[in-house]
Amino acid sequence: MRVPMSSPDVNDDDRQAVLEVLQTPYLSLGPRLAAFEQAAAEYVGSRFAVAVNSGTAGLHLAVIAAGVEENDLVITTPFSFVASANCILYERGIPIFVDVDPRTGNIDPAQVQEAVEALLAGGGAVRRWLPPALRGAAGRRPGKLRAILPVHAFGQPADMDPLISLACRHGLTIIEDACEAIGARYKFRMAGTLGDAGVFAFYPNKQMTTGEGGIIVTDREDWDTLFRSLRNQGRDVFDAWLNHSRLGYNYRLDEMSAALGLSQLRRLDELLEKRQRVADWYRERLADIPWIATPYIAPTTTRMSWFVYVVRIMPPAERNSVMARLEEMGIPSRPYFSPIHLQPFYRRRFGYAEGDFPVTEELGQTCLALPFSGVMREEEVDLVCDALRRIGRNL
């Protein structure tokens, strides 16, 4: 039995929804897109939803709406997929990394508070939080602190209330990277709706998929209007054909993807329940393996939205060795995440090195994503867990 790393959960209704679009003249900016946006806003409880062609595109547009300009600062996490920091660089801003909670892998609110207070106070305290390459006299002069961009890693919401309070006190924007967390709840409130804007993503391995795609949710009418213009080459609602009010992008979501998203969204709770069942199978079967730490669910998480199932490989085992042994047995697995600050581009541009964010680096060395999806069968989970037990007998 070959166990896939992930598989989308697509049914006949989903396929039919896409085929129906091909029988219409609307392949872009049509009725399915509008229906998908309305349904997404209703599901999460936001006033507005604007669909785009990726989660990365959604994050980029949110950074623009937050007013980030050259050398402006945005506080975020180094333990994430690289897009959550890259979207700041697209506007020539500077990501300010702070380390994470060792239990959840989400951004540490206490360190965010330290960073905000130091960056706003100015003076020598600022140096600690700037990237190493920018700390010297010849480094770029930092601009204004604009925003906090927390990431809901693995489908678990970050601890948002301290961040919201901090942002309110200092006039900062909050952009939620909820690309891995659609349907998750923080203290019974929907992830993605807690800041000024939230972004969800629908890549094929996500909880629901549009093939490629994403959506921005917000309660701000001015941002809704801005997002719709920016995603469509900068045209405003009043612009004539080929007239453009601002610099924009080709970030539209097509009608076929929107139709698939609408069909998937109608059964999202079912999709989340199926993923919860697979996560429960893993938790039950891995509980007696002492060198595997199963995911920690924070008390503030009142609904987990399982995107991936990430365990931590503890001594005497070693993550890369376990990953190699699984591959020999025909079972895929992945390191998750590789710290952003240690990616080659970030090392070269900002001067980061090992030791800069020790918790993130420890997680980066020990976290392992196991095969996971809502369509995974119980016997496949058994196969993965039995393989891990066999590996353990040789430690």
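The values are calculated or read from the model by the stated rules, or taken from the named source; none is laboratory data. The model shown is predicted, which means the values in this text are computed figures rather than measured ones. Here the Cβ is made from the backbone with ideal geometry for all residues, glycine too, and neighbour counts use every protein chain on show.
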One residue from TYR251, TYR203, TYR186 being touching a helix residue (DSSP H, G or I) at 6+ places or on another chain (Cβ under 9 Å), touching a residue at least 40 places away in the same chain (Cβ under 8 Å), under 13 Å from VAL50 (Cβ atoms) and not hydrophobic (A, V, I, L, M, F, W, C): TYR251
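In this structure, is ALA66 at pLDDT 95 or above, over 20 Å from ARG146 (Cβ atoms) and either exposed (fewer than 14 other Cβ atoms within 10 Å of the Cβ) or assigned by TED's automatic domain parsing to the domain that holds GLU221 (or both)? Even if it seems obvious, please write down each step before you answer.
Working: at pLDDT 95 or above: yes; over 20 Å from ARG146 (Cβ atoms): no; either exposed (fewer than 14 other Cβ atoms within 10 Å of the Cβ) or assigned by TED's automatic domain parsing to the domain that holds GLU221 (or both): yes.
Here the answer is no, as ALA66 does not meet what is asked.
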Pair list, Cβ under 6 Å, 6 or more apart: region 280-309 residue outside the structural domain of ASP177 (by TED's automatic domain parsing) and in a helix (DSSP H, G or I), other residue surrounded by fewer than 17 Cβ atoms within 10 Å (Cβ to Cβ) and not aromatic (Phe, Trp, Tyr): TRP281/GLU378
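With the requirement that a residue be among the acidic types (Asp, Glu) and part of a helix (DSSP H, G or I), what does region 310-353 give you?
Going through region 310-353, the residues among the acidic types (Asp, Glu) turn out to be 318, 327-328.
Selection gives GLU327, GLU328.
How many residues, within region 39-56, are in contact with a helix residue (DSSP H, G or I) (Cβ under 9 Å, 6 or more places away or on another chain) and either without any contact (Cβ under 8 Å) to a residue 12 or more places away in the chain or in a helix (DSSP H, G or I) (or both)? Break it down stepwise before answering.
Going through region 39-56, the residues in contact with a helix residue (DSSP H, G or I) (Cβ under 9 Å, 6 or more places away or on another chain) turn out to be 39-40, 43, 46-56.
Filter again for either without any contact (Cβ under 8 Å) to a residue 12 or more places away in the chain or in a helix (DSSP H, G or I) (or both), leaving 39-40, 43, 55-56.
Summing the residues that are in contact with a helix residue (DSSP H, G or I) (Cβ under 9 Å, 6 or more places away or on another chain) and either without any contact (Cβ under 8 Å) to a residue 12 or more places away in the chain or in a helix (DSSP H, G or I) (or both) in region 39-56 gives 5.
Identify the residue in region 147-177 that is in a strand (DSSP E or B) and either without any contact (Cβ under 8 Å) to a residue 60 or more places away in the chain or not assigned by TED's automatic domain parsing to the domain that holds ILE88 (or both) and, among all such residues, is surrounded by the most Cβ atoms within 10 Å (Cβ to Cβ). Break it down stepwise before answering.
Filtering region 147-177 down to residues in a strand (DSSP E or B) leaves 147-149, 151, 173-177.
Those left that are additionally either without any contact (Cβ under 8 Å) to a residue 60 or more places away in the chain or not assigned by TED's automatic domain parsing to the domain that holds ILE88 (or both): 174, 176.
Values: ILE174: 21, GLU176: 29.
Among them, the one singled out is GLU176.
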Residue selected from region 341-361 under the condition among the charged types (D, E, K, R) and out of contact with any Pro (no Cβ under 7 Å at 6 or more places or on another chain), by the criterion surrounded by the most Cβ atoms within 10 Å (Cβ to Cβ): ASP356
Odd one out for SER373, checked against (1) under 20 Å from the mean Cα position of the chain (by Cα); (2) more than 22 Å from PHE337 (Cα to Cα); (3) among the polar types (S, T, N, Q): (2)
Set LYS206, LYS144: member being surrounded by fewer than 17 Cβ atoms within 10 Å (Cβ to Cβ) and basic (Lys, Arg): LYS144
